[in-house]
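Read the structure below first, then the notes.
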Amino acid sequence: MTHWFHRNPLKATAPVSFNYYGVATTPAATKICNDLRLSRSRLLELFTDLSCNPDMMKNATDSYFSLLKGFIVSLDDSSQDSKLRYIQNFKWTDTLQGQVPSAQQDAVFELISMGFNVALWYTKYASRLAGKEDITEDEAKDVHRSMKIAAGIFKHLKESHIPKLITPVEKGRDLEARLIDSYVIQCQAEAQEVTIARAIELKHNPGLIAALAYETANFYQRADQMLSSLDPAYTTKWRKYLQLKSCFYMAYAYCYHGQTLLAGDKCGEAIRSLQESEKFFAKAEALCKEYGETKGPGTTAKPSGHLFFRKLGSLVKNTLEKCQRENGFIYFQKIPPEAPQLELKANYGLVEPIAFEFPALHAHWTSEALSAFDLTKRPKEDSAKPKPEEEVKPVKEPDIKPQKDTGCQIS
C-alpha cells in the first residue's frame, strides 16, 4: 500500500514550569501545578517518540488537557472564564514560518497550540504507518482513522476555540482559517487515498474508483486554493505537494473512467480518457520534480520514485495500450477531440472528520483547590512574562526515510 504524504514540521514551544510561588497556597494547588508541568513535558516527549501509539497519545492528551482546563473554564460550567486564564505566558512557533514564536498570556492559546500539535502527530503517525513495506489491514484502518481524528481536531479548534482568543490571529500563521482549512481538507484527501487503495485491491467497480479518485483530486485542489493567497515563501513546497496529488488522482480518475467506458463498448471515448490520464500523470511527474527541488518547510523526498507513483504510470500505459488494441481489432471507433467531462459523484467511501472534544475537567479541580490560588500574592514583577533573550528551540523530529516497498499489498 506504500503511500507518501508531505508533512510540515511540528510546532515548538518554550518550557513552562507552572511555578506560582506564593500564589498556590495549599499542597492541593501545588500538586495541580506539578502535575501540569509533568503532563505537559510528557506530552511534548511523545510527539517525537516513534514507539508512541494512539492509545498512549490519548492518555497523555487527556491527562494534560483535563488539568489545563482548570485554567480556562469555570468549575460550575458557566460561561465565565477561570480566574487563572491569564496567569501564564505561552510561546509557540509556527509550522511554516520557522522558529519565530508567537506569545500570548492566555491558557486558551496553549490549549489550541498544543491541540494543533496533537493533530499533527496523528498525521505523522499515519504517514509512518502508510509508508510501511508490509502494512496489515488493521494498520491501514489505523491510518484511515488517524487522518479522520486529525481532521476532527483541526475542525474543532477552528470552530470552538480559536474564536475565543483575545489576541487576533496573525495573518498567514497556523491558527488562521485558510491554513486550518487546508489541513482539514488534506487529512480528508489522504484518508481517501487509503480508501482508494483498498477499493483497487479488492477490485471494486472501476466507476466507484474513478469517482473516489475524482473527489480526492478535488479535495487536493481545494486545499491548494486555500493557500494561494498566502506568502509563497512559506507555502510553495506544501502547494507543490497538493498540486501533484491533485494531478495524480485526476490521472487515476481518467484511467478508471476509461475502463468503465471500455466495458460499455465506448472504446474511442475510453482511449481519449486514457490519453487525458497520461497528460495528468505527466503533469504530476513534473510537479514531483519541482517539489523535490523546492526549498521550504516539510519533508524531503522524491515522490516520483515511490512505488505508489510508479504503479499508476504502468497502469495508465497498459490500459491505454489495451484500449488501442481493442479499437484496432474490434471497435474501429473515432477518438473524440475533447476529453470526456468527469461528472463523477462517489456514493461510498467519502471521508468526514471524526468529531473531537477536549476531555472533562480533572477531578483535582475542586472549589477548594481553585480558591487556594491567590492572585493577590503574585509578584509585582511578573516572572511569567517572556524574557527577550528566551529562545524556543526547534523540535528534533526523527528522520523518517521512505522504506523500500516490495509491492506487497494489504490482504
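The values are calculated or read from the model by the stated rules, or taken from the named source; none is laboratory data. Predicted model only: the values in this text are computed from it and were never measured. Methodologically, a virtual Cβ is constructed for each residue, glycine included, from the backbone with ideal geometry; neighbour enumeration extends over all protein chains shown. All accessible areas refer to the heavy atoms of the entire protein, side chains included, with ligands and DNA or RNA removed. Shrake-Rupley method; radii C 1.70, N 1.55, O 1.52, S 1.80 Å.
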Q: Can you tell me which residue among Thr123, Thr136, Thr95 is more than 23 Å from Ala60 (Cα to Cα) and of a type in the set (Val, Ile, Thr)?
A: Thr136
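Conditions (1) in contact with a Pro (Cβ under 8 Å, 6 or more places away or on another chain); (2) modelled with pLDDT under 85; (3) assigned to a loop (DSSP other than H, G, I, E, B); (4) under 28 Å from Glu215 (Cβ atoms), marked per residue:
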site: Glu352; (1), (2), (3), (4): no, no, yes, yes
site: Glu357; (1), (2), (3), (4): no, no, yes, yes
site: Leu361; (1), (2), (3), (4): no, no, yes, no
site: Leu370; (1), (2), (3), (4): no, no, no, no
site: Glu381; (1), (2), (3), (4): no, yes, yes, no
site: Lys385; (1), (2), (3), (4): no, yes, yes, no
Q: Just need a number here: residues in region 157-209 that are over 23 Å from Gln243 (Cβ atoms) and acidic (Asp, Glu).
A: 3
Q: Tell me, please, whether a residue that is assigned to a helix (DSSP H, G or I) and among the basic types (Lys, Arg) can be found in region 123-132.
A: yes
Q | Counted residues, region 387-403 - those being open to solvent by 80 Å² or more (accessible area, probe 1.4 Å), acidic (Asp, Glu) and modelled with pLDDT under 70 | A | 2
Q.
If I ask for residues that are of a type in the set (Val, Ile, Thr), open to solvent by less than 10 Å² (accessible area, probe 1.4 Å) and in a loop (DSSP other than H, G, I, E, B), which ones from region 77-115 would you list?
A. Ile87, Thr93, Thr95
Q.
Here is a check on your reading of the model: is Thr123 modelled with pLDDT under 95, more than 26 Å from Ile32 (Cβ to Cβ) and surrounded by 19 or more Cβ atoms within 10 Å (Cβ to Cβ)?
A. no
Q: Give region 272-298 a look and list any residue that's of a type in the set (S, T, N, Q), assigned to a helix (DSSP H, G or I) and touching a Ser or Thr at 6+ places or on another chain (Cβ under 9 Å), or say none.
A: Ser273, Ser277
Q. Tally time: how many residues in region 133-143 are among the β-branched types (Val, Ile, Thr) and either open to solvent by less than 50 Å² (accessible area, probe 1.4 Å) or outside any loop (DSSP other than H, G, I, E, B) (or both)?
A. 2
Q) Across region 162-176, which residue is farthest from Gln97 (Cα to Cα) among those that are surrounded by fewer than 18 Cβ atoms within 10 Å (Cβ to Cβ) and basic (Lys, Arg)? A) Lys164
